[in-house]
Amino acid sequence: MFGTDLDCSSSLLLVSIRRQRLDYLSAAGQIESYPVSTAQNGVGCEEGSGCTPYGWHEIAEKIGDGAECGTIFKGRVPNGIIARDLESSTDDDAITSRVLWLRGLQSGINRQGPVDSYQRYIYIHGTAQEHLIGKPVSHGCVRMKNRDVIALFDRVQIGDRVLIVTD
């Protein structure tokens, strides 16, 4: 009911707010750990909060397959601009390289109504501000280094589970 029933062919992504880490656990037992940045406003599920939502999610959509590293997306569409200098982009929330769009799985917590992660456009994505990875500075999404999000994108499938925890 809450998305905890993992298919044996699925991967699990565990995002720790406290550790600012995303751990990838494959069905084959492979484990990778990546530094991330979650929300500057902390943890929460309310629309307009600027917080990172907690709980069980799934990867609803994968966007950007084959795009050049550093490609900037506007409205989930590549805009033709590559963030060449990823440390000094003027857009403090540029979405780059790849997008994993999350859908909440817990009704009333992160799905439906004013707490719906999908309707809030909550993603795991690359950033033009890689130097801030490891610090909570996002506007709600989970930011990753561009090469890391590309590697992760290539490993995960639509429907794979994502658990965002505060510990």
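The values are calculated or read from the model by the stated rules, or taken from the named source; none is laboratory data. The structure presented is a predicted model; accordingly, all values stated were derived computationally and were not measured. Cβ coordinates were reconstructed from backbone atoms using ideal geometry, including for glycine residues, and neighbour counts include every protein chain displayed.
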Of those in region 44-79 that are under 12 Å from Ile95 (Cα atoms) and among the aliphatic types (A, V, I, L, M), the residue modelled with the lowest pLDDT is Val77
Using beta carbons and a limit of 9 Å, which pairs, at least six apart or on different chains, have the first residue in region 137-156 and acidic (Asp, Glu) and the second one outside any strand (DSSP E or B)? Asp148/Ile133; Asp154/Asp65
Among the residues of region 83-92, are any in contact with a Phe, Trp or Tyr (Cβ under 9 Å, 6 or more places away or on another chain) and surrounded by 14 or more Cβ atoms within 10 Å (Cβ to Cβ)? no
Consider only pairs whose beta carbons are under 7 Å apart and that are at least six residues apart or on different chains; among these, list those whose first residue lies in region 97-112 and is within 19 Å of Leu152 (Cα to Cα) and whose second residue is of a type in the set (Phe, Trp, Tyr) and crowded, with 20+ Cβ neighbours inside 10 Å. Arg98/Phe153; Val99/Phe73; Val99/Tyr123; Leu100/Tyr123; Leu100/Phe153; Trp101/Tyr123; Leu102/Tyr123
If you check Gly104 against the conditions, is it within 17 Å of Ser11 (Cα to Cα), among the small types (Gly, Ala, Ser) and crowded, with 21+ Cβ neighbours inside 10 Å? yes
